[in-house]
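All remarks here apply to the structure that follows.
The values are calculated or read from the model by the stated rules, or taken from the named source; none is laboratory data. Model, not experiment: these values are computed from the prediction. Cβ placement follows ideal geometry from the backbone for every residue including glycine, while neighbour counts extend to all protein chains displayed. Keep in mind that these areas ignore ligands, DNA and RNA; they rest on the heavy atoms of the full protein, side chains included. Shrake-Rupley method; radii C 1.70, N 1.55, O 1.52, S 1.80 Å.
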Amino acid sequence: MFRIAEAETKLAHGQSADSNNATMAQTTLLLQLLLLVVAVAASSANQLPSNLTQLDANKIPQRYDEAQLWRIYNISEAMQQRVPVGQMLEQKFGGNIWKENSKFLDISIARDQLKAARSFLSAHRLDPQILSHNIQSMIDEELLEGIQSSSFGHGRRTKKAARSSMHWKDYHDLETIYSFMREIRTKFPNIVRLYTIGQTAEGRDLKVLRISENPRENKKVWIDGGIHAREWISPATVTFILYQLMSDWENQPAHIRGLTWYIMPVMNPDGYEYSRTTNRLWRKNRSPSRRAQCSGVDLNRNFDIGWNGYGSSTNPCSDTYRGSAPASERETRAVAEFLAKRKYNLESYLTFHSYGQMIVYPWAYKAVKVKDASVLQRVSSLAAERILQKTGTAYRAAVTHEVLGIAGGGSDDWSRAALGVKYVYTIELRDRGAYGFVLPPRFIKDTALEGWTVVETVAQAIGPSSSG
Ligand code: 0X9
Ligand code: ZN
């Protein structure tokens, strides 16, 4: 049995700490904040070049003081054709699209563009609903809450539990996630393998765990997270899935234990780290482009399926930049090559994103019904029902192009088109826009449980491998 810190506390709702713990946590928090300030000061002192003109704009932390998050409804199709509202807000007013679907557009606007952007919208008879008045405050609160809640736990950890630094009270950096993966490999040397499937443009490893009792015969499931840097709940959910699998492996039902699992919690490590250190709302990877000031490719527009089609951009400065060629990115190539070699018996491709609370299935690159649509709909509806029962959260099960619009180059479509995978789902985790990407850490556990529920439901649908 594999036990770690969180295993001790389980997934109980409404835990409260006693006053000793609270005092201790406050002291720890103060200390941590102090350390943080000292560390930031020290690192910026170290990094400050003698020639100030050499300051790298890409390393200065991006702030969102008084930037607002807007939701815009009622953009008629006719109007979209004439004036693509999202694109106009992006290009004219430096807006940053958070979410675009058939019903609304969520977009953030910097403080100094609010007035102009609002007049533009009212000229088109659009009135934005304000989801957040200050995105920077959301970011600051997310950080503080994470520090605070993870220090509450320290007073309670048992010696045994203290061995692992993993928990789901806060989001973690890449190194913590990778050491969790190493820890699992070490504890289960006979059934777990840790692969480094490539390196990123910035030289970080791309890591995948395989869990299997019978790698030759079993049906296989792939799970990934963190394709998009700012969707922090995704790697948190995928590490939780790993924990759920391994915390009681011996007692897992046959339909789980009889599968071979490939798990990649962070497909975009450069972007993830950049979103932690420099720009909380970064989406793409960090590879340099022909335009020096605009780096990064949207990995979910870079796969070799419907590449360069609708819903992706040819502009390196855009958040949905598709890259210079299909699979131009190291991350895309590493995953595609790894999976192409293992496509035999690959039954499911699950990719975790946020936000929107949806379980969607192909196609995304064309408005065509996929073979097996009725099975895919049934299984995702069942997962949504189970989630509702477990945590009370409503997820929608649907076809991607119908609810999110057409977009080419996605990993989900690629796994179906190139490898013939049957159970292909993109899971858009919480929430529905109250916090968007900046989901407070108190929601991690239940959201991760929702992700796990999808995994359990799909595993059950696949059924045990013939030999197991
Ligand atoms: O647009 C995306 O890549 C995903 N939404 S997100 O807000 N997380 O960026 C949805 C992916 C759906 N699948 C494809 N477009 N292939
Ligand atoms: Zn995403």
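With a/c under 1.5 counting as rounded, go ahead and sort segment 209-304 into rounded, prolate or oblate using the C-alpha gyration tensor (a ≥ b ≥ c being the square roots of the eigenvalues; past the cut-off, prolate if a/b is larger than b/c, else oblate).
prolate
Taking a label point 7 Å from the Cα of K371 along the Cα→Cβ vector, which residues of segment 388-425 have an amide N closer than 13 Å to it?
416-423, by backbone N distance to the label point.
Which value, in Å² and to the nearest 10, is the accessible area of S165 when all protein chains are kept and the probe is 1.4 Å?
Spelled out: S165, probe radius 1.4 Å, area about 60 Å².
Loop only per DSSP, at most 11 neighbouring Cβ atoms within 10 Å: give me the trypsin sites (Lys or Arg not before Pro) in segment 239-317, ordered by residue number.
Sites meeting the loop and neighbour criteria: R290, R291.
Within 10 Å, count the other beta carbons around each residue, average over each peptide in 331-343, 116-128, 261-273, 423-435, and list them highest first.
261-273, 423-435, 331-343, 116-128
Quick one: length gained pulling Q293 to R378 fully straight, 0.36 nm per residue minus the C-alpha distance?
Stretched out fully, the Q293 to R378 stretch lengthens by 26.0 nm.
Pop a pseudo-label 7 angstrom from the Cα along the beta-carbon direction at both C317 and N251 and give the gap in nm to one decimal.
With each label point 7 Å from Cα toward Cβ, the separation is 5.8 nm.
Step through the residues of segment 91-107 one at a time and calculate ³J(HN,Hα) from phi using the Karplus curve (6.51 cos²θ - 1.76 cosθ + 1.60, θ = phi - 60°), rounding each to whole Hz and writing x for Gly and Pro.
Result, ordered by residue: 6, 7, 10, x, x, 10, 5, 8, 7, 9, 9, 5, 9, 8, 10, 9, 8 Hz.
Using each residue's phi in segment 211-221, evaluate 6.51 cos²θ - 1.76 cosθ + 1.60 at θ = phi - 60° and report the 3J(HN,Hα) Karplus result to the nearest Hz, with x for Gly and Pro.
These are the phi-based 3J(HN,Hα) values: 10, 6, 9, 8, x, 6, 9, 5, 6, 10, 10 Hz.
Kindly work out what percent of the DSSP beta bridges joining two residues of segment 199-346 are antiparallel, to the nearest 5.
Counting only bridges with both partners in segment 199-346, antiparallel ones make up about 35 percent.
From the protein chains alone at 1.4 Å, what is the descending order of accessible area for E77, E456, largest first?
E77, E456
I need the peptides 387-395, 436-444, 174-182 ranked by packing, meaning the mean over residues of other C-beta atoms within 10 angstrom, with the highest value on top. Please report the intermediate quantities before stating the final value.
Details: 387-395: 15.8, 436-444: 21.8, 174-182: 17.4.
The densest-packed peptide leads the list: 436-444, 174-182, 387-395.
How long is the gain from V403 to M88 if the chain were fully straight, where each residue apart is worth 0.36 nm and the alpha carbon distance is subtracted?
Gain on extension, V403 to M88, equals 111.2 nm.
Amide H to amide H under 5 Å from V424: which residues, 5+ apart in sequence or cross-chain, H placed 1.01 Å off N in plane?
When sequence neighbours closer than 5 places are left aside, the close amide H contacts are Y349.
For the pairs K115/K366; K187/K445; K187/K219; K99/K219; K341/K390, flag any whose C-alpha to C-alpha distance is greater than 29 Å.
Where the Cα-Cα span goes over 29 Å, the pairs concerned are K115/K366; K99/K219; K341/K390.
Is the shape of segment 139-278 best called rounded, prolate or oblate, per the rule: a/c under 1.5 gives rounded, else a/b larger than b/c gives prolate, else oblate, with a ≥ b ≥ c the square roots of the Cα gyration tensor eigenvalues?
Oblate shape, in that a/c is at least 1.5 and b/c is the bigger or equal ratio.
Checking the cross-link filter: which aspartates and glutamates have an alpha carbon closer than 16 Å to that of K369, excluding same-chain neighbours under 8 positions apart?
E402, D412, D413
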